[in-house]
Structure formats: C-alpha cells, structure tokens
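Reviewing the structure listed below.
FYI, it's all coordinate maths here, none of it is from the lab. Just so it is clear, the model here is predicted, and its values are computed rather than measured. We place every Cβ from the backbone using ideal geometry, glycine too, and count neighbours over all the protein chains shown.
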Amino acid sequence: MKVFTDFPVRHIEGNLAFGRDGSVWAYYQVEGFGYDFRDTMQKIHPYNRQLSFYVENVHDLHFLMIPSLTDVSGIIDETIEEIGRKDYALKENGIRYFQSLKRTLAAQRSSRETNEYHSYIGVQLDPRKNEMRKIGNLGLAAVTTLKDLVAGFTSPVYRAVGLEPNDILKRDIEQWRRQADGLRETLGQSMSSLVRALTKEETVFLIEQNFSVTHNDTRLRKGYETGMDVNGIEDSGRVHEARRGNSKAFYELQNAEIEEYDQKTLKLYKMVGEEIEENYVQYLVADKISPRSLHPGSEWMLHLQNRLRFPVSVSIKASFMRNDQIIKQLSDVRLAYEDQRIEAAKGGSEVDLKVSKSESGAIQMEARFQETGYPAYVCSFVFKVTAKDPDELRVRVDELKREMNQFGMHLLSPYGEMISYFMEFIPTSPRYNADYLQYVEPTKLAGMMFAATTNIGDNRGFYLGQTLKLNRPVFIKPDLAAKAFEGVQNVVDSLAVMIAGMTGKGKSFLINLFAYLSVLSGSLALIVDPKGDRKRWAEGLPFIPPEFISVWTLGADERDAGCLDPFRTSVSTSEAKDIAMDILSFLCDKHLGDVGFTQLSEAIEHEGEQDDPCLGGLRDYLKARLPQETTERRRESCMELIETLETLGRLQISRLLFGEKGQRYRVLEVSKPLQVLMVQNLQLPKNDKDRGKIRPIEKISEAILISIAAFTKQYMFNQDRHIHKIVVQDEAKTVERSAEGKAQLDFITRMGRHYNTTLMKGTQNASDYDEDVANMGMKFSFALKKYDESLEMLRYFNLPDTPANAEYLNSLDRGTALFQDIYGRTAAIRIHPVYKEIEEAFDSSTATEEERTYERQRQERIRTGV
C-alpha cells in the first residue's frame with residue numbers, strides 16, 4: 001500500500017498551489033469552446049491564438065483534461081433537493097416525477113456511460129523554478145543558484161522569530177495572486193474561451209480526485225484549510241504575517257489505498273458509504289511523437305472526447321525551454337552523432353540505420369528552431385485509463401493506443417513506473433520519471449486543441465434529451481443565467497429562449513416540454529396559444545392534475561368582452577395609450593402625417609384621463625367631436641374613423657378588444673401554475689405577403705395578440721420576482737409585425753433577467769428574429785425549409801455559414817435540434833420526453849393511435865419484405 005507522506009503540495013491558497021520544491025503554480029479552469037461546426041478557416045483562429053501564447057510564454061505549464069461520468073442520478077438528486085427547499089403547489093408532483101425519471105434513466109446503460117471533460121491549466125509563476133532553467137551554461141546556472149540561495153537567506157522567514165523556512169509571507173502570496181490575475185486575462189484571450197481561477201475548494205478537489213474510485217465519491221470540501229496564519233517578529237520589531245502549510249491536511253485527501261496490482265497496473269481501494277469500492281488504473285506515456293503539428297488534423301484531445309465511450313484523463317507537463325537552449329542541446333546531440341560516426345569509421349564500420357535517422361531528425365529540428373525562433377517545450381504526455389476489472393482495463397488500453405496511433409502518437413505503459421505517473425497528475429508535482437520526455441515546438445501544443453469541448457447544457461435542472469454524438473444526456477436549468485452563481489461562467493445572461501423550425505419538426509413539442517418540466521420544477525408558466533393546439537390540457541397532464549391547469553379560451557364566455565382592451569391589460573396608462581395608438585392606427589390604416597392619425601392621438605389622450613378608460617370610449621369621443629370639427633377635411637376624416645370603428649365593433653372577436661364604459665368584464669389573472677391563454681375564432685395572416693390585402697378579422701387577430709403581449713408584461717411585473725416564470729409566445733412574428741408588439745416582447749426579453757422571467761419565442765423562420773437574436777440566451781433550431789434561412793440561423797449561432805453546415809441544419813430529423821447553451825457551446829440534440837404518456841400529451845399531429853400502429857406495421861413489412 002502507498003501513502004505519500006512527502007506530498008508534493010505544501011499549501012493551497014485560492015488557485016495558488018505551493019509546491020514542496022519551492023515552485024508556485026496558479027491553476028485555472030478553461031470552460032471550453034465549440035469546435036465541431038467550424039470551417040477550416042475558423043479552426044485556424046483558436047490554433048493561432050494558442051500558438052501565439054505558447055511562443056510568447058516563459059512559464060512551465062501543466063495541462064489537465066479530467067473526465068467526469070455524467071452522474072444522471074446525482075443531477076436528479078440535486079434537482080429533487082432543490083425542489084425540497086421550495087414551496088409551490090406542484091412540489092410533491094415534481095418530486096414524484098423526478099424520482100420516477102431517476103429510476104428510468106438509471107436503467108438505461110447509455111445514461112451512465114457518458115462523460116464530460118473539464119480542462120484545467122496550471123502555470124508555474126516563478127520562472128526561476130522552471131524545470132529546464134538548469135540547461136545551458138552550467139557555470140552561469142551555478143552562479144544564479146548561489147544568488148538565489150543568498151537572497152533566500154535574507155528573507156524574513158529566516159530572520160523573524162516565530163517563522164519557519166517553509167512559511168509563505170502573505171505579501172508574497174498577494175504578489176503571486178496579482179500575477180495570477182493578470183495571467184487569467186491572457187489565458188482567456190489565448191484559449192478562445194472563458195478562463196477562471198479555481199477556488200481553494202476546487203484546487204483541493206483537483207488534487208483529491210486523483211484518489212477517486214467511483215464517479216461520485218469526491219465532493220468539494222467547503223472551508224477546507226491546508227494551512228494556518230502565523231506571525232514573525234524581526235529584531236527591529238517589524239511584524240511579518242505568513243501562512244504555514246499543514247502537511248497532515250494532505251493525508252486526508254489521500255483517502256484511497258493504492259496497491260501495485262502488477263507492474264503495469266494500480267489498484268485503488270476506498271470506503272464509499274458502507275462499501276469498499278475498488279478501481280483498476282493504468283497509466284500510459286507517449287514514447288514516440290512528432291515534434292510539430294500541421295493544423296487542422298491534429299486535434300487529438302477533441303478526438304478522445306468524441307470517439308471513446310470510456311473516460312480517459314490526460315496530464316501534460318510542458319517545461320519551457322528558450323530557443324537558444326534547444327538549439328544548443330540539438331547541436332550537442334548532432335555533435336554526439338558525428339562522434340559516433342567518426343569512431344565507427346576508425347573501426348572500419350558504419351553506424352546503424354537507427355542512428356542515421358536520429359541524426360537526420362536532430363539536424364532538421366535544429367534547422368527548424370533556428371528558422372522560426374520558437375521556444376521548445378519538454379513534455380511528458382501521460383494518459384490515465386480506469387476500469388472495474390483487469391480484463392476491461394486491457395480492452396480500454398488497447399483501444400486508446402489504436403486511437404492515438406492515428407495521430408502518430410505511440411503509447412506504452414512503463415514497467416514498474418505507475419506510481420511515478422500517478423504523481424504527475426497532482427498539481428505542483430515534479431517529474432519522478434524522465435525516461436520518456438518529448439521535445440516539441442509550440443505548434444504541437446496548439447494543434448492538440450486543448451479546451452475544445454463537446455460538453456453541452458447546464459448539468460443541472462431537468463432532463464431535456466441526448467446529444468446525437470455519444471448520446472450524452474442534456475440537462476438545463478432555465479433560470480440559471482440570472483442567478484450569477486459563483487463558478488457559473490455563462491457568456492450570456494439572458495433568460496430568453498429562441499426556438500425556430502419548420503412545421504412538423506418538433507418546435508411546439510419542445511416548447512411544451514420545456515414549459516411542462518419547468519412547472520414541475522417550481523416555475524410558473526403562461527402560454528399564449530394563438531392556434532389552439534393545447535385545448536386537451538384542460539383534462540390534465542402526466543404528473544399535473546387538471547386543477548393545476550387553466551386553459552382559458554377568450555371569447556367563449558360573454559364575460560370575456562372587453563378583457564383584452566389595452567387600457568385593461570397594460571401596466572400603466574401611458575403604456576396603454578401607446579398600445580392603443582399602435583393598434584388603432586393599424587386597424588384604421590392611419591399613418592403619421594394623416595389627419596386621422598392626429599385625431600386618434602387626441603382621442604386617446606382624452607380617454608386616458610377618464611375614469612374607466614377603454615377603446616369603446618374613443619368612438620363616443622369622436623362622435624362628440626364631429627360637430628366641432630372646423631374643416632371639411634377633418635370632418636371627413638373623423639367620420640371615416642367612426643365608421644371604421646363601428647364596422648370593426650360588429651365582428652364577434654373584436655368585442656374582446658373594444659371595452660365599453662361601465663362594462664363588467666372578467667379580469668385577466670393567473671392563479672394556477674400552468675396557464676394557457678387561447679382566443680376563440682382567432683385567424684392570423686398566413687404570411688407577410690400582400691399585407692395590403694389583409695382581411696379585417698386578421699387585423700383584429702393581430703391586434704389582440706399585441707394586447708395579450710401587454711398582459712404578459714403585466715404578468716411578469718405582478719408575480720413574485722424570486723419565482724421563475726415562463727412566458728411562451730408562439731407565433732411571435734405575428735406580434736412583432738407591430739412596432740408596439742415588438743417593443744413589448746423586446747422589453748420582456750431584455751428585462752427578463754431582472755424579473756426572473758423566460759420569454760420563449762417560437763417562430764418558423766430564422767429571419768423572424770432579426771437583431772433580437774443578440775438578446776437571446778438558449779437557442780434551438782429545428783430543420784428549416786430554405787437554404788438561406790439555414791445560413792441566417794448559423795450566423796445567429798455564430799457558426800460558419802458553410803454549405804455543409806447549412807445542409808446539416810436543413811436535414812435534421814424530426815425531434816432533433818441544433819442547441820446552443822448559455823456558455824456559447826453548440827451541439828445537435830435529440831429531444832426526449834422519456835415517457836410515452838408525455839409524448840402523446842404534447843403530440844400535435846392528427847394521426848390516431850390506430851393509424852400509428854398500422855403505419856409501424858406497414859414500415860416493418862417493407863423492411864422485412866413480408
């Protein structure tokens with residue numbers, strides 16, 4: 001059994017890790033950037049950024065790619081725990097749903113065998129401690145070492161009473177922290193991604209996870225300390241504050257026993273709960289690798305994430321070497337080969353072919369470094385593979401070797417050196433084995449595409465579906481972007497959700513599922529349904545009984561008359577006047593500069609000052625004003641307005657919009673968790689063409705949707721700000737045809753974060769969003785009809801609008817969508833409701849169950865030929 005009493009880490013302070021060898025490392029998490037949908041030119045951008053950093057860098061680096069099994073059960077448990085802290089009507093129903101979901105997904109092997117990869121980079125802050133600093137002029141190195149030793153003895157830790165040589169002065173810690181903060185900004189620009197400094201707990205976790213044997217046995221240790229405050233006093237009386245590392249604090253992190261199972265395998269034991277868990281681990285190291293890379297085509301780190309179904313951890317220790325150092329070393333190697341050749345000639349023989357090839361390689365590398373001026377990096381590439389039994393481990397190791405061979409990287413497991421490579425994964429650890437060092441130029445590090453990721457979603461909240469690649473489960477938490485939680489590095493903070501796609505591809509299904517799962521999680525939802533697709537919801541939904549659902553069809557009851565009057569749906573009189581002006585100028589076809597437009601404005605201003613203002617009062621005001629008009633033009637215009645309003649008022653549907661004085665109307669209010677608002681006899685224009693031929697009932701229908709949009713804004717204001725709300729605006733383009741309707745939805749989009757409200761906008765075309773896409777959080781796109789629409793949508797996703805990507809978007813199957821999360825990552829996902837009952841509840845097709853059964857049988861006969 002192995003327990004490391006001489007642990008390489010001396011102390012942890014935030015993201016600063018102080019090594020026992022005197023080195024100081026700063027560790028960061030790189031959130032990652034999407035790579036799959038980039039074209040060749042866009043793939044060059046992150047490569048060039050990283051290459052520039054590695055060329056200009058002067059620090060030793062430590063790259064870590066750490067997988068974590070997607071803990072579906074753990075995520076659902078966290079959601080259930082969060083639900084338990086809330087107080088809402090459907091709390092018990094939500095808990096029952098998620099408990100059932102946990103059991104169902106746990107039974108599916110694919111939900112347990114998917115991995116997420118997290119990228120970390122460590123930077124050695126003190127170049128004096130660089131590993132390769134000793135290479136070069138040995139005399140100069142000795143003098144420098146002596147100077148460092150003398151400078152060390154002048155430090156207060158040697159002179160102040162109460163301090164020890166290994167204590168770390170707080171002033172030094174602050175200097176290292178400032179340097180680390182400056183590096184974070186540089187790394188963020190270089191890695192094409194958000195980069196954040198780890199917290200103290202996360203840095204400790206990065207150490208402890210090396211001793212993990214299951215996917216959930218290591219958690220963040222809140223408030224864990226690896227040192228204590230101490231003071232020292234000099235003879236002059238000056239007090240120095242310092243931190244003293246506690247070596248025993250790192251014993252607790254080594255909570256697994258390590259056995260050398262054989263010369264190439266470690267076996268880890270750990271008590272997890274009441275059971276002893278065990279895991280078999282093998283480390284592989286690259287012993288042959290080309291020193292440079294051509295890009296694209298060398299992205300082996302991303303390849304591992306996309307290809308392998310089992311987790312592989314990667315540690316790369318990259319020690320910086322100046323250009324003059326590498327040239328000097330290569331020159332010495334070349335001279336050594338020449339000496340071998342000379343000695344062979346003296347003996348009347350020739351050097352073997354292997355020596356000739358090595359000499360040729362050294363000459364080429366020397367010429368390359370002289371030409372480019374690049375520094376070099378002395379790297380150890382270490383891979384970690386785990387399994388529950390030796391046979392499975394052997395299969396996984398063989399598969400990893402095959403995959404890496406495709407990139408010209410030969411892997412082997414050094415005999416009897418597993419503990420040495422185990423230690424390389426621990427922050428601040430020096431190399432314990434220097435047998436397989438690879439001298440590479442910066443292109444090799446840039447080409448591996450460190451931090452390119454395939455992760456998607458929030459890994460918390462509710463389950464929405466799976467990625468098309470590797471079937472990774474996708475979880476989202478709709479209100480997360482507004483929480484400003486520490487450690488949540490979202491690139492957008494809007495709660496608005498964009499959903500686009502042609503009819504029949506799953507757009508409405510996603511909207512329904514999203515709202516449904518949000519309500520079960522504790523949100524409130526208001527769905528504006530202009531097409532009446534959700535009438536059956538009044539009978540109840542799985543896990544949501546009918547008493548918690550209100551499906552209100554406006555116009556079906558006489559008491560609905562006047563309830564959509566903008567003076568009754570708006571949050572203020574001033575807003576009501578603006579909406580009334582927009583609606584009436586649209587209905588009466590009046591524009592700025594027309595006499596009728598001015599008269600409407602005057603009437604609306606007058607009505608806004610009355611007690612019980614309503615649109616019906618405008619007609620009465622115009623009739624009263626008619627005799628007082630002084631010109632024939634104004635009288636004709638006024639008469640035209642009166643006739644138009646009276647004509648519109650005769651339409652059955654217009655009674656919802658035109659309130660009357662003293663009218664007893666039903667007030668729009670939402671008292672249930674799930675509210676569906678429909679309008680009877682609503683008829684919307686089919687497209688934007690021939691807008692001049694639009695029928696009166698279609699005009700009224702559009703005006704009604706504008707007024708409903710005003711009500712949704714009122715809904716956002718009046719509900720508890722701490723409760724997450726969802727407003728679903730299906731057919732949003734119809735509302736946004738009006739300037740005022742667009743302003744209403746824009747306001748909800750922009751202010752949704754403040755009021756904890758998600759606006760879900762569903763449309764059929766990418767062009768429906770225009771500039772509003774900049775305010776969107778999550779984005780979903782199902783298959784689109786037209787090639788141009790696909791190109792537009794790709795630009796919204798900030799993806800290259802290439803023919804290949806457009807064709808991919810156009811060819812998405814029913815129920816699959818391109819999804820971009822709040823971190824800017826994009827992947828194709830398959831929407832999965834899990835339960836057939838939920839799928840049937842949200843199905844908007846006209847097929848009966850008998851027709852579906854017959855069609856399945858028919859397709860089966862076609863496939864089998866029977």
* **Rel. contact order, % - alpha carbon contacts under 8 angstrom, at least six apart, the chain** => 15 percent
* To do: Indicate, rounded to the nearest 5 percent, the antiparallel portion of the DSSP beta bridges found entirely in the chain.
  => 75 percent
* Given the C-alpha centroids of the range 177-199 and the range 243-277, what is the distance between them in whole angstrom? -> 31 Å
* **Estimated dipole of the chain in Debye, rounded to 20 [Cβ of Lys and Arg +1, of Asp and Glu -1, Cα centre]** => 860 debye
* Kirkwood hydrodynamic radius of the range 564-713, Cα pairs, Å -> 16.1 Å
* Report, largest value first, the span of the C-alpha coordinates of the range 1-68 along each principal axis, in whole Å. => 50, 31, 23
* **Per-residue HN-Hα couplings for the range 646-653 [Karplus 6.51, -1.76, 1.60; θ = phi - 60°; Hz; x = Gly/Pro]** => 5, 5, 5, x, 6, 6, 4, 5
* Sequence of Met132, Met778 once ranked by neighbouring C-beta atoms within 10 Å, starting from the fewest -> Met132, Met778
* Could you give the nm distance between label points at Asp589 and Val55, where each point is 7 Å from its Cα heading toward the beta carbon? -> 6.6 nm
* Positive-end extreme of charge dipole, the chain - chosen from Tyr47, Ser68, Thr763 (charges on Cβ) -> Tyr47
* Structure fact -> Long-range amide H partners of Asp126, meaning residues 5 or more apart or on another chain whose placed amide H is closer than 5 Å, are Val24
* Each residue of the range 508-514 in turn: what ³J(HN,Hα) in whole Hz from Karplus with 6.51, -1.76, 1.60 and θ = phi - 60°, glycine and Pro shown as x? -> 5, 4, 5, 4, 4, 5, 4
* Asked: Of the chain, which part is the longest with no GluC sites (Glu not before Pro) in a loop (DSSP not H, G, I, E, B) and with at most 15 other C-beta atoms within 10 angstrom?
  -> 670-866
* Volume per residue that the Cα convex hull of the range 504-588 spans, once the total is divided by residue count, Å³ -> 158 Å³
* Can you give the Rg to Rh ratio for the range 720-762, taking only C-alpha atoms and Rh from Kirkwood? -> 1.00
* With all distinct Cα pairs included, what does the Kirkwood hydrodynamic radius of the range 366-424 come out to in Å, to one decimal, could you say? => 14.2 Å
* Non-local amide H neighbours of Val9 (under 5 Å, H modeled in plane, Pro and chain starts lacking H): which ones? -> Arg20
* Against the longest principal axis of the chain, how steep is helix 390-405, in degrees 0 to 90 to the nearest 10, with axes from Cα atoms? -> 90 degrees
* **Approximate spin-label separation Gln683-Asn231, in nm, with each point projected 7 Å along Cα-to-Cβ** => 8.6 nm
* Asked: Of Trp537, Thr816, Val312, which is farthest on the positive side of the dipole of the chain, counting Cα position, with +1 on Lys and Arg Cβ, -1 on Asp and Glu Cβ, and the Cα centre as origin?
  -> Val312
* To do: Could you tell me the distance between the Cα centroids of the range 429-456 and the range 547-568, to the nearest Å?
  => 64 Å
* Using all C-alpha to C-alpha distances in the range 160-254, build P(r) with 5 Å bins and read off the rounded percent in each one. => 3, 11, 15, 16, 16, 15, 13, 7, 3, 1, 0
* Above-threshold pairs, the threshold being 18 Å between Cα atoms, out of Lys507/Lys733; Lys507/Lys531; Lys507/Lys785; Lys102/Lys388; Lys43/Lys786; Lys288/Lys401 -> Lys102/Lys388; Lys43/Lys786
* **Selection of chymotrypsin sites (Phe, Trp or Tyr not before Pro), the range 454-552, meeting DSSP coil and at most 12 other Cβ within 10 Å** => Phe485
* Counting only C-alpha contacts under 8 Å and six or more residues apart, can you give the relative contact order of the range 1-91 as a whole percent? => 10 percent
* Asked: Short version: what are the Cα gyration tensor semi-axes of the range 547-608, square root of 5 times each eigenvalue, largest first, in whole Å?
  -> 29, 13, 10
* Asked: P(r) of the chain in 20 Å steps, Cα pairs, percent per bin?
  -> 13, 36, 29, 16, 6, 1, 0
* For the range 14-125, radius of gyration divided by Kirkwood radius, i.e. Rg to Rh on alpha-carbons -> 1.16
* To do: For Leu468 paired with Glu646, estimate the spin-label separation in nm (one decimal), with each label point 7 Å from Cα along the Cα-to-Cβ line.
  => 6.0 nm
* 5 angstrom amide H check on Val497, placed H, neighbours 5+ away -> Leu759, Met760, Lys761, Gly777
